[in-house]
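Worksheet: one structure, shown below.
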Amino acid sequence: MLFTCSDPTHNHAPAGDTGHHRTVTDGKKHFTVDIHCHLHVPAADAMLKDAKAADQRNLYVDTNPLTSEINAKQHQDILDKLTDPSVRIADMDAAGIDVQAISPSPFHYNYVYEADFARETAHVVNNRVAEVVGQHPDRFVGLCTVPLQDVDIAVAELDRCVNDLGMKGVEISTNVNGTDLTRAGLEKFFARVEELGVVIFMHPIGTSFKERMTDHYFRNTIGHPLESALAVGHLVFDGYLETYPGLKICIAHGGGYVPSYVGRFDHPYHLRDDCRVNLTKAPSEYVKKLYFDTVVFTEHQLRYLIETWGADHIVMGTDYPYDMAETDPVGHVDSVKDLSEDDKARVMGGNAAALLGIEVPAA
């Protein structure tokens, strides 16, 4: 896919412009890609009202009444950003984002429902993502969702989305109804993702530890990075990153807690048999295969990620349009002390472009 340059003398799209040809504009130095942003599909929500397989509300009881009220209001306040591509493109232009890799809202996973029903909701969601991408092919690429509760249905939907709809990857949660990804019978799924060469974007939804995280928005602020840490731990120690060495996996929210404390993985590996059952090398060697987004909010934390894991494994993200989003993603990367322009180019867009199969335009 070729993303063309536009006239850098125009700071705003002309009246009636649909957002096309807005890449590498406004004097920006680097091509920019947001790998972490979400789209919501109300038509899929409507399908859940008649579903008898499960009550989705029971998944999110890890919130107190105040948090639930705030979340409901937020959803209504940002609904146009979640659903209207024209609003989204205007916000991208304001933030200096050339391309978004849009993934479904994690609320669309629907793993708790019967697989046949979840396949139908996934169709609706994925078709809408493909529609938005098709309307603005120079501004968006798509990531899909699949029903991981049934590996055969998941693989079939993955194939449809990649081969028929042109999706560049798949968004998954950190577990399947409380079962770790490596214990959920998903070997065929991971093998197929590796074979197709597409990206896995791993994004948690809520937390498995509801009882202790109902207050203070802990389900997100602590729960999400903890869920990612557990998922990465299982991918590493259960040997999946060795069994499927070609996997391209990006972990949301800066990778959760693991990238900042990987020494606690490596230390017991050298001392205990139970920490090396499925491994042939130190855990950190497998973590090096992963990619982490920039949604960590502070300069020193982002600088640590880049210095520790390499500028070639950090990708820019926002978490648009939620309140936990990084609203100045380009400025966030620019703020990192002593980061070269080449490394900025990698983090801001080059790495994501390579992962997603986007051809970076000439400046």
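A Cβ distance below 7 Å, combined with a sequence gap of six or more or placement on separate chains, defines the contacts here; from the stretch 189-217, residues that are farther than 26 Å from residue 244 by Cβ and among the hydrophobic types (A, V, I, L, M, F, W, C) reach residues that are surrounded by fewer than 19 Cβ atoms within 10 Å (Cβ to Cβ) and at pLDDT 90 or above in the pairs 213/222. The set of residues in the stretch 307-328 that are surrounded by 23 or more Cβ atoms within 10 Å (Cβ to Cβ) and in contact with a strand residue (DSSP E or B) (Cβ under 8 Å, 6 or more places away or on another chain) comprises 314, 315, 316, 317, 318, 320. Considering 287, 336, the condition of being over 14 Å from residue 30 (Cβ atoms) and crowded, with 18+ Cβ neighbours inside 10 Å is satisfied by 287 alone.
If the condition is being out of contact with any Lys or Arg (no Cβ under 6 Å at 6 or more places or on another chain) and either outside any loop (DSSP other than H, G, I, E, B) or surrounded by fewer than 17 Cβ atoms within 10 Å (Cβ to Cβ) (or both), then the stretch 137-157 contributes 137, 140, 142, 143, 144, 152, 154, 156, 157. The combined condition, being touching a residue at least 12 places away in the same chain (Cβ under 8 Å), more than 26 Å from residue 239 (Cβ to Cβ) and under 15 Å from the mean Cα position of the chain (by Cα), is fulfilled by residue 141. Scanning for something surrounded by fewer than 21 Cβ atoms within 10 Å (Cβ to Cβ) and part of a loop (DSSP other than H, G, I, E, B), does the stretch 227-236 turn up at least one residue? There is no residue in the stretch 227-236 that is surrounded by fewer than 21 Cβ atoms within 10 Å (Cβ to Cβ) and part of a loop (DSSP other than H, G, I, E, B).
Quick one: would you say residue 178 is touching a Pro at 6+ places or on another chain (Cβ under 8 Å) and modelled with pLDDT under 95? Steps first, please.
Numbers: touching a Pro at 6+ places or on another chain (Cβ under 8 Å): no; modelled with pLDDT under 95: yes.
No: the conditions fail for residue 178.
Residues in the stretch 237-273 that are in contact with a Pro (Cβ under 8 Å, 6 or more places away or on another chain), part of a helix (DSSP H, G or I) and on the phi < 0 side of the Ramachandran plot: 237, 265, 266, 269.
Which one of these is under 20 Å from the mean Cα position of the chain (by Cα), charged (D, E, K, R), at pLDDT 95 or above and closer than 14 Å to residue 32 by Cβ: 293, 312? Explain how you work it out, then say what you get.
Details: 312 fails: closer than 14 Å to residue 32 by Cβ.
None of the other options fit; the residue is 293.
Close Cβ contacts (under 7 Å, 6 or more residues apart or on different chains) running from residues in the stretch 229-251 that are closer than 15 Å to residue 179 by Cβ and charged (D, E, K, R) to residues that are at pLDDT 95 or above and part of a helix (DSSP H, G or I) comprise 238/182.
Listed here are the helices (runs of 4 or more DSSP H) enclosed by the stretch 5-120 that have at least 1 residues being modelled with pLDDT of 90 or more, touching a helix residue (DSSP H, G or I) at 6+ places or on another chain (Cβ under 7 Å) and surrounded by 15 or more Cβ atoms within 10 Å (Cβ to Cβ): 42-48, 79-83, 85-95. In the stretch 162-215, the residue that is surrounded by the fewest Cβ atoms within 10 Å (Cβ to Cβ) out of those that are of a type in the set (S, T, N, Q) and in contact with a Gly (Cβ under 7 Å, 6 or more places away or on another chain) is 208.
Scanning the stretch 141-168 for residues that are of a type in the set (Asp, Glu), under 16 Å from residue 114 (Cβ atoms) and out of contact with any Cys (no Cβ under 9 Å at 6 or more places or on another chain) yields 150, 152. The sole residue among 185, 206, 166 that is touching an Asp or Glu at 6+ places or on another chain (Cβ under 7 Å) and in a loop (DSSP other than H, G, I, E, B) is 206. All told, residue 360 falls short of being among the aliphatic types (A, V, I, L, M) and at pLDDT 95 or above. Apart from one condition, residue 361 fits all of (1) touching a strand residue (DSSP E or B) at 6+ places or on another chain (Cβ under 6 Å); (2) within 30 Å of residue 219 (Cα to Cα); the exception is (2).
The values are calculated or read from the model by the stated rules, or taken from the named source; none is laboratory data. These numbers were taken from a predicted model, which means no experiment stands behind them. Heads up, the Cβs are rebuilt from the backbone with ideal geometry, glycines too, and the neighbour counts pull from every protein chain shown.
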